Amino acid sequence: MAESTNPNLSKQMIYSVFVRNHSREGTFAKVEEDLDRIRDLGTDILWLMPIHPTGKVERKGEDGSPYAIADYWKIDPKMGTEEDLKHLVQSAHEKGMKVILDIVFNHTSPDSKMVQEYPEWFYRDEDGKPYPMFREWSDIVDLDFSSKALQEELIRILKHYASIVDGFRCDVASRVPASFWKKARAACDTVKPDLFWLAESCHLPFIKFCRDNGRVGESDSALYEAFDVLYDYDAFPYCEKIFEDGKPMEEWVDALIRQDAELPQNAIKLRYLENHDTDRISQYVKDWPLWKNWTALQFTLKGMPLVYHGQEIRTSHRPDIFTADPIAWKEDDAAADWIRTLAHLHKTLFSAQPVIDYEIDETHPVLRISRDGYAGAFLLAKTEPDALISTNLKDGVWYNLFTGTDFEVADHHMKAADFPVLVQMEDEVKD
């Protein structure tokens, strides 16, 4: 963790929005209209995916990827103006939320202002033409951080937006030198000293690939010297194997344990079930009780929870990021209320830096977690509601903090319908 990281960040919740797809209009103003609902979910930090104009050369889709940026200094006019952005930020502040921007410094579009003015700031092929590490990523070209002038320009950009927003989510941060991120954070501290820094740290095989091909591939430990919170891609792929393919839990739990053993002590990980680069959790978890279990587990794990817009209505459609694809908003009060409840419990019951233990049930698809004097149990595969599941809780009636209702343990078993459960361990059973 960076020296100035506040451990209590782990008790907060992030809500991610791609402005283009959040409404049919795709504007800051429409996001602003939705701030009350977003806040009421339990949101502390609103993350806006890239807001800059996209390139036209080699553009993919009708509107282009927001991560193929043409000009860092400009705002996509379809979303609004910089004044509109400032108004959105002000409104969020008035409602008790912070706003962070997506920063994409690994690459630009092939026709970006930087390419046109400073082609020497890019990796170039034998013909002197900027290119990406993966040729199939034809809508971007990679920046070369060996250029001191490039680093100075990017820091100027960051300082400009630091005067407007409350922090940054940094795209593919593992592919940018940690030394740059440390300099950038120090420079931005002179503008706003309490900025929040979130890094998209990458999958471990991808980091190895970058290194093997002579490119930057920073470890999580290196990135924690500059960032407050890192992505969970060192463990989350094993989680995906469970809900996508029904794989056993052992590999995932081992990865979670490795995080506590190998990363800096008290490191904060971002916990998610979906984001704009993954399929929706509801594409695989369609059963309502099972969705409740997975979502409750997300908020019980050590770290900072992320909700991606649309997760709270259990949509299974993964929005297109290349062509405008607005979310088909619908009423799902039960799902939204569940997230709201979990966010509240995460903030009020759990400590910022807990000791956490995991136990896998050998006979049922149940993961048990103990932390902060509480015991949680999560049923992670579809099961008949009346099925009896073994438990290590004493026989009697227990109070489930997740649901605010009682459940019964008899002969060391409980009903599948009672999962997920969260109980306070020092409490005595009611009878």
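Annotations
- Thr54 long-range amide H proximity, modeled H, under 5 Å: Ala70
- For Met304, the residues 5 or more places off, or on other chains, whose built amide H falls under 5 Å of its own are Lys269, Leu270, Arg271.
- Listed values (1) 58, 43, 39; (2) 75, 44, 39; (3) 73, 49, 39 include one computed from this model; for Cα extents along the principal axes in Å that value carries the label (2).
- Shape parameters for segment 293-374, alpha-carbon atoms, Rg then Dmax in Å: 15.8, 47
- The loop-placed chymotrypsin sites (Phe, Trp or Tyr not before Pro) in segment 44-102, going by DSSP, that have at most 16 neighbouring Cβ atoms within 10 Å of their Cβ come out as Trp73.
- Relative packing of 253-266, 123-136, 148-161, which averages over residues the other C-beta atoms within 10 Å, highest first: 148-161, 253-266, 123-136
- Ranking of Asp406, Asp228, Asp234 by solvent-accessible surface, largest first: Asp406, Asp234, Asp228 (1.4 Å probe, protein heavy atoms only, all chains present).
- Portion, in percent, of the accessible area of the chain that falls on carbon or sulfur, probe 1.4 Å: 49 percent
- Here's the list of lysines a cross-link from Lys415 could span, going by alpha-carbon distance under 16 Å and ignoring same-chain residues fewer than 8 apart: Lys292, Lys382, Lys394.
- Normalised by the number of residues in the chain, the average gap of Cα pairs under 8 Å and 6 or more apart makes the relative contact order 15 percent.
- Spacing of the modelled spin labels on Asp40 and Lys95, each 7 Å from Cα toward Cβ, amounts to 1.0 nm.
- Å² per residue, accessible surface of the chain at 1.4 Å: 42 Å²
- Per residue of the chain, the DSSP helices (runs of n ≥ 4 H) give a summed -39500 (n - 2.57) that works out to -8500 deg cm²/dmol at 222 nm.
- When the chain is described by a simple charge dipole with +1 on each Lys and Arg Cβ and -1 on each Asp and Glu Cβ, the residue from Val253, Leu204, Thr341 located farthest towards its positive end is Leu204.
- Each peptide in 15-24, 200-209 gets a packing score, the mean of other Cβ atoms within 10 Å over its residues, and the list from highest to lowest is 15-24, 200-209.
- Principal axis dimensions, segment 19-83 - Cα atoms, whole angstrom, descending: 41, 24, 19
- Estimated from the Cβ-Cβ distance and a Förster radius of 51 angstrom, the FRET efficiency linking Lys74 and Glu384 is about 0.35.
- Unit charges on C-beta of K, R, D, E only; dipole of the chain, Debye: 960 debye
- Sparse-neighbourhood loop sites, GluC sites (Glu not before Pro) in segment 374-431 - DSSP loop, at most 13 other Cβ within 10 angstrom: Glu426, Glu428
- Full extension of the chain segment joining Glu33 with Lys347 gains 110.5 nm, where the gain is 0.36 nm per residue of separation less the Cα-Cα distance.
- The relative contact order of segment 212-364, computed from alpha carbon pairs under 8 Å that lie at least 6 residues apart in sequence, is 21 percent.
- Taking N as its residue count, the alpha carbon Rg of segment 269-319 over 2.2 N^0.38 Å: 1.05
The values are calculated or read from the model by the stated rules, or taken from the named source; none is laboratory data. Everything numeric here is computed off the predicted structure, so don't read it as measured data. Every residue, glycine as well, gets a Cβ built from its backbone with ideal geometry; the counts of neighbours run over all protein chains shown. Calculation scope for accessible area: heavy atoms of the full protein, side chains included, ligands and nucleic acids excluded. Shrake-Rupley method; radii C 1.70, N 1.55, O 1.52, S 1.80 Å.
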